[in-house]
Structures are given as structure tokens and as C-alpha cells.
Amino acid sequence: MNEHTLGRRHFLKTLTAVGTAGLPFASIFGSRIISSAYGAVKTPYDPAAKVDITVTEVDMRTNSAGRMLKARIYQPKGAGPFPTMLDLHGGAWNGKDRTAEEPMDRAIAGSGVLVVAIDMTWAKEAPYPACVQDANYGVRWLKSKAATWNGDASKLGIYGSSSGGHVAELLCMRPHDPRYNAIPLAAAPNVDTSVAFAAMRSPISDPLARYENPENLKSAGMVNNNKLFFNPWETIHESNPQEILDRHEKINFVPFLIMAGSLDNNVLPAIHKKFAASYKAAGGDIQFEIYEGAVHEWVADPGPLTDRAQAMVRAFIARQLKA
């Protein structure tokens with residue numbers, strides 16, 4: 001008996017089971033696809049879909065400062081399994097948490113994506129690379145847990161905002177860096193740390209240029225945030241995505257989406273433009289979009305620019321899942 005015969009027999013058994021259950025064939029095979037005779041039945045991703053979601057929270061791990069890092073889970077309702085994304089919050093490495101990007105997380109999850117937003121260590125608790133280690137752990141943890149929430153993490157993506165975008169770039173460019181992979185995951189010690197793609201809003205792709213930005217130098221708080229995180233100060237060069245490209249380091253290239261506001265005086269548009277050009281010149285796949293009239297955190301407020309950003313992220317996800 002050959003493989004084709006086995007596959008056909010498996011397919012006929014599936015049809016019989018559906019008919020016995022009284023389910024309409026169209027609802028099973030018209031709106032869903034079978035990946036192979038032995039593969040799982042998956043719901044294809046439609047970026048324009050409207051799906052109900054449930055939101056829950058779980059503990060992820062306790063950090064070195066004794067704070068419990070939690071995860072907020074935005075789980076689509078339906079058959080699934082659903083594509084999966086990890087959300088890394090901003091806050092200048094010194095604030096905010098898993099709730100920071102709630103509007104975007106809901107907009108992504110509502111199109112049929114399992115979104116999991118995690119807390120990360122603040123610089124006042126521990127400097128670089130602590131939060132990158134948290135995010136690396138989060139990648140492995142989510143890959144090991146995604147099926148629990150009806151997710152498929154085989155093409156895990158990241159959504160990162162501001163300093164979370166900085167962390168996302170480091171994870172994507174250096175997926176197997178032993179410093180970032182320092183926190184063991186006993187339940188799943190062999191999970192791969194690679195990320196398939198990243199969508200980012202106002203990422204800090206060049207921390208040094210952002211620190212030297214005259215607008216930011218007027219802010220004692222911004223200066224202090226940088227010095228708390230990059231301690232010792234020399235790490236601002238080692239962990240700088242723009243300088244990593246400038247040094248021609250051997251890195252991993254994954255598709256990036258960078259969205260930036262034309263009125264952003266926190267991370268200047270010129271910083272994004274330079275990074276996008278450098279990433280593309282080095283062989284990377286990058287989509288760079290400037291939002292005219294938008295400031296650093298425009299997606300926190302409802303409106304046409306936010307709607308456009310949410311739609312752009314969903315369309316980007318759809319392209320990566322088809323690749």
C-alpha cells in the first residue's frame with residue numbers, strides 16, 4: 001500500500017466522520033483548508049476578518065528584582081489554530097507593562113491572531129540585557145504554550161513599540177545570542193529562539209542617535225532612562241541595531257515593518273530612515289512607512305492614523321504568513 005493510498009483512505013475517513021456528525025461539508029472544507037493528508041486543519045488568516053476575542057492573564061516568571069512578570073493573552077474565538085504574535089511594550093526601558101499596546105493588540109487579535117503581551121524587566125530593576133533576556137524567554141515560553149490558547153507559533157511574529165522595538169530588533173538580528181538566551185526554560189529546554197518577522201511602531205533602532213537628539217537632551221528624565229539602561233555606558237554601542245549593521249556583524253535577517261510619525265521628536269524620522277536604508281542595503285526585507293502628522297505614540301489614540309496603522313500591521317502579517 002503506497003502513500004497515496006494511505007492519504008486517500010485518511011481523507012475518506014474524514015469525510016465519513018463529518019457526514020456522521022451531521023456537519024455540512026461546506027462549513028468544513030469551504031471555509032478551511034487541509035494542509036496535507038496528515039496535517040492539521042487550519043483556518044487561513046484573513047486580515048479583514050472580525051473575530052471575537054477573550055482576554056486573560058497568567059504569570060510568566062519572576063524577575064531578578066522579585067517582580068512577577070505577567071502575560072496578557074488576547075485569544076481569538078474559533079476553530080484555529082491561529083497565527084501567533086508576541087507583543088513587547090515600550091516605556092524607554094524604564095516603565096509601562098503588558099497593557100501598554102492594548103488597542104493594537106486587540107486590533108490584531110480581532111482579525112484572528114493569538115496575541116500575547118508580556119511584562120519585561122525595567123532598567124531600574126536591572127540594566128541591559130535583562131529585558132532582552134525576558135523577551136528571549138518570552139519567545140521560547142510562548143512557542144511552548146501557544147497551543148494551550150489555540151495558537152500556532154510555527155511562524156512567530158513580534159509587535160514592538162519604541163524601546164520594545166529596540167528589543168524586537170535585537171531578538172530578530174541575534175536569535176541565538178547566548179547572553180539573551182541566558183534564562184532557562186526547564187519545561188521546554190530545546191525550543192528554538194528564532195522569530196519569523198517583526199512589526200514595529202517608532203522603534204529605537206539607534207539608541208545613541210536618539211540619546212543625542214537635542215529635543216531629548218532637554219529632558220533630564222530621558223537622559224537618566226538611558227544611563228540606567230545602558231550601564232556600563234559602552235553597551236549603548238554593543239546593543240545598537242544601527243551600529244550592528246554599520247559594523248557588518250553577522251546577523252539574522254527577517255522581514256521588518258517600521259511605522260514612524262513625521263512629528264516624532266522622541267525618535268526622529270531621520271533615525272528610522274537611516275536604519276531602513278541600512279537594513280535594506282545589507283540584504284534585509286524592510287517596509288518603512290512615515291505617518292504624516294503623527295507623533296511618537298499616535299496609535300494610543302483612536303482616529304484615521306491609528307486605523308491605518310492597525311490595518312497595515314494586519315496586512316504585513318498576512319504577507320508573512322503566505323511567504
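Some observations on this one:
- Overall, the chain carries a charge dipole of about 1080 debye about its Cα centre when +1 sits on the Cβ of Lys and Arg and -1 on the Cβ of Asp and Glu, all other atoms neutral.
- If R0 is taken as 30 Å, the Cβ-Cβ distance between residue 192 and residue 234 corresponds to a FRET efficiency of 0.50.
- Assigned charges on the beta-carbon of Lys, Arg, Asp, Glu; the range 36-182 dipole about Cα centre (debye): 240
- Antiparallel content of DSSP bridges confined to the chain, in %, to 5: 35
- Set of lysines with alpha-carbon distance to residue 274 below 22 Å, sequence-local pairs under 8 removed: 250
- Relative contact order %, the chain, counting alpha carbon pairs below 8 Å whose residues are six or more apart: 15
- Pairs over the 32 Å Cα-Cα cut-off, from the set 77/124; 50/155; 77/322; 280/322: 77/124.
- Treating r as the C-beta distance of residue 249 and residue 220 and R0 as 35 Å, the FRET efficiency rounds to 0.60.
- Think of each Lys and Arg Cβ as +1 and each Asp and Glu Cβ as -1; about the Cα centre, that makes the dipole of the range 144-226 roughly 120 debye.
- Nitroxide proxy distance, nm - points 7 Å out along Cα→Cβ at residue 62 and residue 106: 3.3
- Short-range pairs are left out: with C-alpha atoms under 8 Å and at least six residues apart, the relative contact order of the range 195-323 is 29 percent.
- Between the entries [x] 33, 22, 20; [y] 35, 25, 20; [z] 38, 21, 19, the label attached to semi-axes √(5λ) of the Cα gyration tensor in Å calculated for this structure is [z].
Where a number appears in this text, it was derived from the coordinates with a stated rule and is not lab data. Since we're looking at a predicted model, the values are computed, not measured. Neighbour counts run over all protein chains shown; Cβ positions are idealised from the backbone, glycine included.
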